[in-house]
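Contents: one structure, followed by commentary.
The values are calculated or read from the model by the stated rules, or taken from the named source; none is laboratory data. From a predicted model like this one, the values you see are computed outputs, not experimental measurements. Heads up, the Cβs are rebuilt from the backbone with ideal geometry, glycines too, and the neighbour counts pull from every protein chain shown. SASA here: full protein model, heavy atoms, side chains in, ligands and nucleic acids out. Shrake-Rupley method; radii C 1.70, N 1.55, O 1.52, S 1.80 Å.
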Amino acid sequence: GQGEVVGIIGKNGAGKSTLMKLLSGAHQRDSGGIYWQEQAVEIETPRKSQDLGISTIYQELMLTPDLTIAENIFLGREPAKSFGRVDKKKMYDESVRLLQMLDMPLDPRMPVKELSIAQQQMVEVAKALSQNAKLIIMDEPTSSLTEHETDMLFKVSRNLKDQGVSIVFISHRLEEVFNICDRVTVLRDGKFVESADISD
């Protein structure tokens, strides 16, 4: 549902990452169906996934270290002025707005390589928001974060939820699932086992 955090749990090899790759357009399904906003959809490419409003944040972050925060957020989609020149002011202003939405007062002119892993993750989230993501899939997002950084990620996740963005939170840490998720789905050996509200 809109503004919901759904946890996906299961042992290694349960199919968590495969499911995520199907939704992100990196893999193709060989059976079953994908339903998005109550419509059957085919997600043949990462571009199609993005066009639907689905953004995926992988464990190995997909940022370009030598570029600035703003350049990473808008990479390949830079706002242009006349004659195709990049509108740097618009790009930086919009980056500031996105980072403020996440309560991350970073300077968008900073090179990404100067950021911590947690801050880089926030740049990925800002990038997703810049693409009008309605669903953000996070793959084991806390695996390389400290406890403080994990709390920060959870705060941002609740903030996104309040703005109507849904999150799929893939994890094997049960205490985190109980902390952040509204609902949890269990996978085993590539199959759906059950789905339940956290309150149950």
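Annotations for the structure displayed:
- Accessible-area order (highest first, 1.4 angstrom probe) of the listed residues Asp151, Asp200, Asp66: Asp200, Asp66, Asp151
- Considering only the chain, percent of DSSP beta bridges that pair antiparallel, nearest 5: 40 percent
- Counting Lys and Arg as +1 and Asp and Glu as -1 over every other residue whose Cβ lies under 13 Å from the Cβ of Ala196, the net charge comes to -3.
- Net charge over other residues, Cβ less than 15 angstrom from the Cβ of Phe74 (K, R count +1; D, E count -1): +3
- Taking Cβ atoms as reference points and 10 Å as the exclusive limit, the residues near Val6 contribute a net charge of -1, counting Lys and Arg as +1 and Asp and Glu as -1.
- A simple spin-label model places the labels of Leu145 and Lys88 3.2 nm from each other, with each point 7 Å out along Cα-to-Cβ.
- Gyration tensor verdict on region 40-141 (Cα atoms; rounded if a/c is under 1.5, prolate if a/b is larger than b/c, oblate otherwise): oblate
- Taking every DSSP helix (H) stretch of at least 4 residues in the chain, weighting each as -39,500 (n - 2.57) and dividing the sum by the residue count yields a mean residue ellipticity at 222 nm of -10500 deg cm²/dmol.
- Normalised contact order of the chain, rounded percent, pairs of Cα under 8 Å and 6 or more residues apart: 35 percent
- Each pair of Cα atoms in the chain enters the Kirkwood radius, and Stokes-Einstein at 10 °C and 1.306 mPa s then converts it into a translational diffusion coefficient of 90 µm²/s.
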